[in-house]
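The values are calculated or read from the model by the stated rules, or taken from the named source; none is laboratory data. Bear in mind the structure is a predicted one, so any value in this text is a computation, not a measurement. Here the Cβ is made from the backbone with ideal geometry for all residues, glycine too, and neighbour counts use every protein chain on show. We work out accessible area using only protein heavy atoms, side chains counted, and drop any ligands, DNA or RNA first. Shrake-Rupley method; radii C 1.70, N 1.55, O 1.52, S 1.80 Å.
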Amino acid sequence: MEQHSNLTWPLPKDDYWSTPFAETLLHRLDLSPGISVLDIACGSGIPAFYIAEQVGPSGQVVALDINIRQITRCRAFQRNHLPWLQFKCADMKNLPETLPQFDRISGNLSFMFFRPDRFDVLKQLVTHLKPGGQIVLTFPSLGTFDSIWNRIDQEMTARDLTKERAALAEYIAERPSAQDAREWLDALGMAKIEVTEWPLEIESGSGYEFLHHPLLRGGFLDDAYECFENQRLAEDVMTTVSGDLSSFLPLVAQRCAMSAWMPSTGS
Ligand SMILES: C[S@@+](CC[C@H](N)C(=O)[O-])C[C@H]1O[C@@H](n2cnc3c(N)ncnc32)[C@H](O)[C@@H]1O
C-alpha cells in the first residue's frame with residue numbers, strides 16, 4: 001500500500017501496533033471508488049477512515065464494533081465528515097440478518113476474537129460478501145511473542161508449577177495460525193486465497209515497563225496472569241521474568257493477513 005502524504009484520513013503514524021497490521025491489510029485489500037465495505041472490529045476507526053476516503057462519496061462503508069464507547073468516539077472524531085461512513089454498534093459474531101452484502105469485508109486485528117468457533121464465525125461473515133467480493137482480515141498468528149511464552153514456561157518449570165504450565169500450553173495452542181486461516185478459507189470454497197505473515201518487532205524496557213507495556217499487558221500478558229489461580233504467585237513469576245528481558249529479546253509478533261475472494265456467480 002502506498003501512504004499518500006495528501007490523505008486527509010491517513011493511518012496514525014504514532015500507533016506501533018494497529019497501524020502496521022492495517023498496512024498489511026491495506027496491502028492486500030483491493031479498494032476503488034464507489035465500492036461498499038464492511039469493516040468489522042473497527043475500534044477507533046483503523047482503517048475505516050482510511051478506507052472511506054478511498055471509496056469516496058459514491059461508495060459506502062459500514063464500520064462496526066461491539067464496544068459502544070469505541071463507536072461513540074469514532075462518531076465524535078468523524079463529526080460531519082465522510083457521510084458515506086457509518087459507525088454501528090454490533091457483534092461481528094452475530095451479525096443482524098438485515099445487514100446487506102458488501103463488495104469487501106475488512107477486519108484489522110479481528111480474527112483472534114472469533115473464538116471459540118472461528119470457522120463458524122468466518123462462515124457466517126462471508127455470507128455478507130457479494131459474489132466476486134473480497135475479505136481481508138488480520139491477526140497476530142501462532143508464533144507471536146513465543147520468546148515470552150517460552151521464558152514464562154521456563155520459570156514455571158523451575159518452580160514446579162504443573163497446573164499453570166498446562167494452562168499456558170492450552171492458551172498457546174489455542175491461538176489461530178496462518179495454516180488454520182488458509183484451511184478454513186479453502187473449506188468455505190473461497191477463491192484466490194492468500195495468507196501471508198510478516199514479523200513485527202515490539203520494543204520494551206525490562207521490569208515495570210515490560211509488565212505494564214500498553215500493548216503487551218492488555219493484549220497478551222494478562223493471558224499469562226490468567227494461567228494462575230494465585231495472583232500473588234503470578235506477580236512473583238512475572239516479575240522474575242520481566243527482570244530477565246534481555247534473555248528473550250527480540251519480542252516478535254507475526255502479522256498475519258488472510259485474503260480471499262467469493263467466487264463470482266456462475267464461475
Ligand atoms: C484490537 S482492536 C482492533 C481495532 C481496530 N480495527 C484497530 O486496528 O485498531 C479489536 C476490536 O475488536 C472489538 N471486538 C471484540 N469482539 C468483538 C465482537 N464480537 N464484535 C465486534 N467487535 C468486537 C473490540 O471492541 C476492539 O475494539
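Kindly provide the set of residues from the range 53-107 that are in contact with a Phe, Trp or Tyr (Cβ under 9 Å, 6 or more places away or on another chain), on the phi > 0 side of the Ramachandran plot and not hydrophobic (A, V, I, L, M, F, W, C), ordered by number.
Selection gives GLY56 alone.
If you check ASP244, ASP180, ASP222, which single one turns out to be touching a residue at least 60 places away in the same chain (Cβ under 8 Å), open to solvent by 40 Å² or more (accessible area, probe 1.4 Å), closer than 16 Å to TRP149 by Cα and of a type in the set (D, E, K, R)? First the steps, then the outcome.
Values: ASP180 fails: closer than 16 Å to TRP149 by Cα; ASP222 fails: touching a residue at least 60 places away in the same chain (Cβ under 8 Å).
The match here is ASP244.
Out of everything in the range 6-27 that is in contact with a strand residue (DSSP E or B) (Cβ under 9 Å, 6 or more places away or on another chain) and assigned to a helix (DSSP H, G or I), what residue ends up being surrounded by the most Cβ atoms within 10 Å (Cβ to Cβ)?
So the residue we want is LEU25.
Looking only at residues in the range 33-70 that are within 12 Å of the ligand (Cβ to nearest atom), surrounded by fewer than 21 Cβ atoms within 10 Å (Cβ to Cβ) and not basic (Lys, Arg), which one is nearest to PHE139 (Cα to Cα)?
Among residues in the range 33-70 that are within 12 Å of the ligand (Cβ to nearest atom), surrounded by fewer than 21 Cβ atoms within 10 Å (Cβ to Cβ) and not basic (Lys, Arg), the one nearest to PHE139 (Cα to Cα) is GLY43.
Considering the range 187-206 alone, what residues qualify as being surrounded by 13 or more Cβ atoms within 10 Å (Cβ to Cβ) and of a type outside the set (Phe, Trp, Tyr)? Full working, then the answer.
First, the residues of the range 187-206 that are surrounded by 13 or more Cβ atoms within 10 Å (Cβ to Cβ): 188, 190-191, 193-198, 200, 202, 204, 206.
Result: LEU188, MET190, ALA191, ILE193, GLU194, VAL195, THR196, GLU197, LEU200, ILE202, SER204, SER206.
Considering (1) free of Cβ contacts under 8 Å to residues at least 40 places away in the same chain; (2) not assigned by TED's automatic domain parsing to the domain that holds LYS130, say which one ASP186 fails and leave the rest.
Result: ASP186 fails condition (2) only.
If I ask for residues that are outside any loop (DSSP other than H, G, I, E, B), of a type outside the set (Phe, Trp, Tyr) and closer than 22 Å to PHE21 by Cα, which ones from the range 130-155 would you list? Outline the logic, then answer.
So in the range 130-155, the residues outside any loop (DSSP other than H, G, I, E, B) come out as 130-140, 146-155.
Within this subset, residues satisfying the condition of being of a type outside the set (Phe, Trp, Tyr) are 130-138, 140, 146-148, 150-155.
If the condition is that a residue be outside any loop (DSSP other than H, G, I, E, B), of a type outside the set (Phe, Trp, Tyr) and closer than 22 Å to PHE21 by Cα, then GLY133, GLN134, ILE135, VAL136, LEU137, THR138, PRO140, ASP146, SER147, ILE148 are the ones that fit.
Here is a list of conditions, (1) of a type in the set (A, V, I, L, M); (2) modelled with pLDDT of 95 or more; (3) surrounded by fewer than 18 Cβ atoms within 10 Å (Cβ to Cβ), and ALA173 meets all of them except one; can you say which number that is?
Checking ALA173 against (1) of a type in the set (A, V, I, L, M); (2) modelled with pLDDT of 95 or more; (3) surrounded by fewer than 18 Cβ atoms within 10 Å (Cβ to Cβ), the one that fails is (2).
Does THR157 satisfy being surrounded by fewer than 18 Cβ atoms within 10 Å (Cβ to Cβ) and of a type in the set (S, T, N, Q)? Before you say what the answer is, go through the steps one by one.
On the way: surrounded by fewer than 18 Cβ atoms within 10 Å (Cβ to Cβ): yes; of a type in the set (S, T, N, Q): yes.
Considered against the rule, which asks whether it is surrounded by fewer than 18 Cβ atoms within 10 Å (Cβ to Cβ) and of a type in the set (S, T, N, Q), THR157 comes out as yes.
Matching residues to (1) closer than 18 Å to GLY107 by Cα; (2) aliphatic (A, V, I, L, M):
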| residue | (1), (2) |
| --- | --- |
| ARG182 | yes, no |
| MET190 | yes, yes |
| GLY205 | no, no |
| HIS212 | no, no |
| ASN230 | no, no |
| LEU233 | no, yes |
| LEU245 | no, yes |
| PHE248 | no, no |
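If you scan the range 101-117, which residues turn out to be away from the ligand (no atom under 12 Å from the Cβ) and in contact (Cβ under 8 Å) with a residue 12 or more places away in the chain?
Selection gives GLN101, PHE102, ASP103, ARG104, ILE105.
What residue, among those in the range 74-85 that are within 15 Å of the ligand (Cβ to nearest atom) and open to solvent by 80 Å² or more (accessible area, probe 1.4 Å), is nearest to LEU125 (Cα to Cα)?
ARG75
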